[in-house]
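The values are calculated or read from the model by the stated rules, or taken from the named source; none is laboratory data. Since the model is a prediction, treat every value here as computed from it, not as a measurement. Cβ placement follows ideal geometry from the backbone for every residue including glycine, while neighbour counts extend to all protein chains displayed.
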Amino acid sequence: MSRPIENANVGAGGPSESGAIDPASEILKTSRTIAIVGLSNRPHRPSYGVAQYLQSAGYRIIPVNPAETEVLGEKSYARLEDIPERVDIVDIFRRSQFVPAIVESAIHIGARGVWMQEGVIHAEAAERARRAGLFVIMNTCILKEHIKRFRLH
């Protein structure tokens, strides 16, 4: 079942088939670096499969997990604030209770937006991110949304 995409403060993107602007397509097209909070080095975990797919689609992934040193050939950082480069999207694979602190970190590092994976929902944190000028996509899988829009062959 498809889940709704929630967004705010997204720049003008290309029109979808219906003629409406598709914020998820615009963000995915214009982003290059995705920090994945909660990325595990265990191949059976959903975060690992999503990160692997995003790498194959040409994105630079940056693992954020204090329990990991490296995932998929990329150095892992304990916190978003430890990443020494610009981050476009902060993709969240943590329980909803941890989202407010992650959103504050995303705002602090100047990320363009936050993407909360399926089952990750926090309306207040989403609103805080929107007020700070970040785009927000909530309760939606970035891999599924990318495949819908830009199928890899």
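So here's what we get for this one:
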{"read-out": "Inter-residue pairs, beta-carbon under 9 Å, first touching a residue at least 24 places away in the same chain (Cβ under 8 Å) and aromatic (Phe, Trp, Tyr) and in the stretch 108-129, second surrounded by 15 or more Cβ atoms within 10 Å (Cβ to Cβ) and part of a helix (DSSP H, G or I), 6+ apart", "value": "115/24; 115/27; 115/142; 115/145"}
{"read-out": "Residues within the stretch 76-120 that are within 23 Å of residue 25 (Cα to Cα) and among the acidic types (Asp, Glu), tallied", "value": "3"}
{"read-out": "Candidate set: the stretch 1-28, residues that are out of contact with any Phe, Trp or Tyr (no Cβ under 8 Å at 6 or more places or on another chain) and closer than 17 Å to residue 111 by Cβ; chosen: the one modelled with the lowest pLDDT", "value": "11"}
{"read-out": "So residue 86, is it in contact with a helix residue (DSSP H, G or I) (Cβ under 9 Å, 6 or more places away or on another chain), under 25 Å from residue 123 (Cα atoms) and among the basic types (Lys, Arg)", "value": "no"}
{"read-out": "All positions within the stretch 94-119 that are surrounded by fewer than 23 Cβ atoms within 10 Å (Cβ to Cβ) and in a loop (DSSP other than H, G, I, E, B)", "value": "94, 95, 110, 112, 118, 119"}
{"read-out": "Single residue of the stretch 32-53 satisfying the filter (in a loop (DSSP other than H, G, I, E, B) and under 13 Å from the mean Cα position of the chain (by Cα)) that is surrounded by the most Cβ atoms within 10 Å (Cβ to Cβ)", "value": "39"}
